[in-house]
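**Student:** Quick one: the structure is below, and I'll ask about it shortly.
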Amino acid sequence: DAGVIQSPRHEVTEMGQEVTLRCKPISGHNSLFWYRQTMMRGLELLIYFNNNVPIDDSGMPEDRFSAKMPNASFSTLKIQPSEPRDSAVYFCASSSAGGRNEQFFGPGTRLTVL
Amino acid sequence: AQKVTQAQTEISVVEKEDVTLDCVYETRDTTYYLFWYKQPPSGELVFLIRRNSFDEQNEISGRYSWNFQKSTSSFNFTITASQVVDSAVYFCALSERDFGNEKLTFGTGTRLTIIP
């Protein structure tokens with residue numbers, strides 16, 4: 001089975017532009033997580049979904065960030081408008097049956113905002 | 001609030017030496033889960049192991065072993081006979097409860113460099 005799929009793998013954009021990151025979780029997994037990794041702040045949980053419903057978005061830095069999960073096999077993380085401080089690696093992860101199980105991570109999207 | 005501390009920021013050892021990565025956690029719950037992840041230079045995060053709070057049995061997988069001690073709130077990771085391919089950043093993580101709170105809290109990671 002394929003792992004978590006993320007696209008694009010790299011994104012370079014200019015400040016003020018809209019950025020959309022995409023994620024396809026592992027089939028059968030009912031929980032999906034978006035993380036951001038930076039040198040300064042390490043790995044931060046932005047938001048997670050359970051059965052396509054957002055459960056906790058307390059990690060979303062501000063209103064410029066939004067995430068959706070329209071169905072069990074697809075999620076997006078959107079930044080509008082983007083700023084240079086949003087530059088980071090964004091990971092999507094999925095897991096099955098609750099927090100007791102391991103999360104499997106996608107390869108990440110490296111975002112650079114100029 | 002849950003917390004994970006990896007006090008060792010960076011470790012360098014010569015190939016074939018053994019190395020232990022420390023992880024100390026804080027939680028008020030009696031039910032929780034501990035994890036280790038590896039992030040090699042290529043950047044992906046690779047799951048290594050999961051432990052639940054009721055299972056203090058140590059585990060060995062090849063050259064890897066894990067020592068879970070509730071008395072000291074530690075979940076340490078040892079690599080025996082290290083190899084250059086073990087060079088990576090290793091993260092310890094904690095998840096509390098079963099349903100309703102699925103967050104993983106990650107430590108800040110330990111960067112391990114194996115010198116050939």
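**Student:** Under a cut-off of 22 Å between alpha-carbon atoms, report the lysines in cross-link reach of A:Lys78, not counting same-chain residues fewer than 8 places apart.
**Tutor:** A:Lys24, A:Lys68, B:Lys103
**Student:** Straight-line reach from B:Lys16: which aspartates and glutamates fall under 18 Å, measuring Cα to Cα and dropping same-chain residues less than 8 apart?
**Tutor:** B:Asp86
**Student:** Another one. Determine the share of the protein assembly as shown's accessible area contributed by carbon and sulfur atoms, expressed in whole percent, with a 1.4 angstrom probe. Write out the running numbers ahead of the final one.
**Tutor:** On the way: 5490 of 11150 Å².
Carbon and sulfur: 49 percent of the exposed surface of the protein assembly as shown.
**Student:** With every protein chain left in place, what is the accessible area per residue of region B:30-116 in square angstrom, probe 1.4 Å?
**Tutor:** On the way: 3830 Å² over 87 residues.
For region B:30-116, the per-residue accessible area is 44 Å².
**Student:** Hey, another quick one. Would you mind giving the total buried accessible surface between chains B and A, with a 1.4 Å probe and ligands, DNA and RNA left out, rounded to the nearest 100 Å²?
**Tutor:** Values: alone 6550 and 6340 Å², together 11150 Å².
Buried area (both sides, nearest 100 Å²): 1700 Å².
**Student:** What are the equivalent ellipsoid semi-axes of the protein assembly as shown, built from the alpha-carbon gyration tensor (square roots of five times its eigenvalues), in whole angstrom, biggest first?
**Tutor:** Semi-axes, largest first: 30, 21, 15 Å.
**Student:** Quick one: accessible area per residue over region A:4-114, 1.4 Å probe, rounded to a whole number of Å²?
**Tutor:** Per residue, region A:4-114 has an accessible area of 47 Å².
The values are calculated or read from the model by the stated rules, or taken from the named source; none is laboratory data. Note that the structure is predicted; figures quoted are calculated from it, not measured. Keep in mind that these areas ignore ligands, DNA and RNA; they rest on the heavy atoms of the full protein, side chains included. Shrake-Rupley method; radii C 1.70, N 1.55, O 1.52, S 1.80 Å.
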